Amino acid sequence: MKVLHVPFCYYPDPVGGTEVYVASLAQAQAADGWHVAVAAPGDENRKYSHEGIDVHRYRISSQVGLREIYGAGDSEAARNFLDILERARPDVVHLHASSPGVSIRVAQAVRPKGVPVFFTYHTPAVTCVRGTLLRWGREACDGEMLARRCSRCLLHGRGMPMAASWVLGSLPEAVGGAVGTFGLDGRLWTALRSTELVGLLRSTLRQMLLHETDHVFAVCDWVRDVLIANGVPPEKITLSRQGVPSSVTFARQSQAPAREGQPIRFAFLGRLNAAKGVRILVDAFAMRPEMKASLDIFGVVQDAEAEAMRGWLLEQTKSDGRIRLRAPLGSAEVIERLRSYDALLVPSQALETGPLVVYEAFAAGIPVVGSALGGIAELVRDNENGILVTSPSVSAWADAMARLAGNSGVLGKLKAAPKPFRTAAAAASEVSAVYMKVLADYRERVTAYSVA
């Protein structure tokens, strides 16, 4: 049996948690006897191998219009993906992104082949145009896509005052459609089209999830709730959480006590963008110059925003020697490297679907200090295996870190607590079982059709 995974990007490009998960899932499925390959958007059409897995990159267009971004996606990317589909001839196609390059056009290219399509919801940006699933940037949203409500929140998230967001985000969708016919560029013209574009995204995504995919995987509880809120039948959803590479299954969890009188060692791993919250950590350190602690930032740079953030961080490290900017870690070295730290900091300012790094910290035996949001709050038990920070304020994070830095007893308790984690092998077993069930249903329908 052959499976083709389709993420947003892939190695050797800078990757995030989704791609780490896909790579681990692919390796685990290959170990179970599946023939696994990956197809991902890129700058050019090419094929190579990464850690024994065939990787097909398909070229995306350098220019994609707003209606393609919010709607059907990049037609050039879909055509190039179809070429890969013809060559690879998979039995299963598993999509791991919703983007112009991994779009409904890609799913529709698969359907005529009689191959089932699966989709995993990895980030809130799948259904949230703001990208965080925090309404007005403050509180968790129920996730139902409503054109006017989402448009207002989107405009506010892009810097527009709330009053203006309400006005422009209340325009009929037809107004945006009329503006779009003139082909005018600029922030104001795009703002006038917000309800049209959000409505287009909503209808396209519903078509994708309800009619162009055969099954949907949710990697945490809140994702399942959001999918149901947007009309996906519960029986079409499987909850299957992420897992760390199976090679750590027999590794001993670190139970080393905190070092009395020594600075506490914090680590941050993740993309350098506003939603990951690394700026909050740096500001919290500045607020507590007396705190005996160090912070190593293993930041992933994927775009211009991240590059700008990296430059800012480099300036901060010059004025605070406790903070160091490190090169990103390879997925195979994360857990072993985390064993040398006292706690992992996860200050996300968006609803995370895992994140995988929490499982990695638990596999390393260290506690997590994380935002009390989304998947973090589903995994971290406050004051048991970590600390949940209920406020996004800098002072709240400064207090949480100072609490650990100033009390070795609290840190020792958190480090000694059991920290359950999943492996990629467990995730692969669940996912592959769903594949087989859907494939069996396919065969049953084909047989029934043939007999009729």
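Here are a few things to note about the model shown:
- Only listed residue being modelled with pLDDT under 95, assigned by TED's automatic domain parsing to the domain that holds Val434 and among the charged types (D, E, K, R), chosen from Asp32, Asp83: Asp32
- Some residue of segment 187-200 being modelled with pLDDT of 70 or more, closer than 17 Å to Gly71 by Cα and charged (D, E, K, R): yes
- Identity of the residue in segment 99-145, of a type in the set (A, V, I, L, M), over 16 Å from Met208 (Cα atoms) and in contact with a helix residue (DSSP H, G or I) (Cβ under 8 Å, 6 or more places away or on another chain), that ends up surrounded by the fewest Cβ atoms within 10 Å (Cβ to Cβ): Ala140
- Exactly one residue among Val368, Val438, Val431 is assigned by TED's automatic domain parsing to the domain that holds Ser24 and buried (at least 21 other Cβ atoms within 10 Å of the Cβ), and that residue is Val431.
- Ser408 meets the conditions (1) more than 30 Å from Arg288 (Cβ to Cβ); (2) surrounded by 16 or more Cβ atoms within 10 Å (Cβ to Cβ); (3) modelled with pLDDT under 90 in every case but one. The failed one is (1).
- Within segment 53-98, being of a type in the set (Ser, Thr, Tyr) and surrounded by 20 or more Cβ atoms within 10 Å (Cβ to Cβ) holds for Tyr58, Tyr70, Ser98.
- If you filter segment 190-239 down to residues that are β-branched (Val, Ile, Thr) and free of Cβ contacts under 8 Å to residues at least 24 places away in the same chain, you find that the one that is surrounded by the fewest Cβ atoms within 10 Å (Cβ to Cβ) is Ile228.
- Segment 306-359, subset among the hydroxyl-bearing types (Ser, Thr, Tyr) and within 30 Å of Thr127 (Cβ to Cβ), residue modelled with the lowest pLDDT: Ser331
- Residue list for segment 302-326, restricted to those being touching a strand residue (DSSP E or B) at 6+ places or on another chain (Cβ under 8 Å), touching a residue at least 12 places away in the same chain (Cβ under 8 Å) and either not small (Gly, Ala, Ser) or not assigned by TED's automatic domain parsing to the domain that holds Ser340 (or both): Gln302, Met309, Arg310, Leu313, Gln316, Arg322, Ile323, Arg324, Leu325, Arg326
- Of the helices (runs of 4 or more DSSP H) entirely within segment 22-130, those holding at least 3 residues that are among the acidic types (Asp, Glu) occupy 75-88.
- Asp303 being loosely packed, with under 14 Cβ neighbours inside 10 Å, over 15 Å from the mean Cα position of the chain (by Cα) and either of a type outside the set (Val, Ile, Thr) or at pLDDT 90 or above (or both): yes
- Filtered residues of segment 48-98 (kept if among the small types (Gly, Ala, Ser), touching a helix residue (DSSP H, G or I) at 6+ places or on another chain (Cβ under 7 Å) and more than 23 Å from Pro12 (Cα to Cα)): Gly71, Ala72, Gly73, Ser75
- A count restricted to segment 367-416 and to residues that are of a type outside the set (Asp, Glu), out of contact with any strand residue (DSSP E or B) (no Cβ under 6 Å at 6 or more places or on another chain) and assigned to a loop (DSSP other than H, G, I, E, B) stands at 10.
The values are calculated or read from the model by the stated rules, or taken from the named source; none is laboratory data. Computed from a predicted structure; not experimentally measured. Note that we place each Cβ from the backbone using ideal geometry, even for glycine, and neighbour counts take in every protein chain shown.
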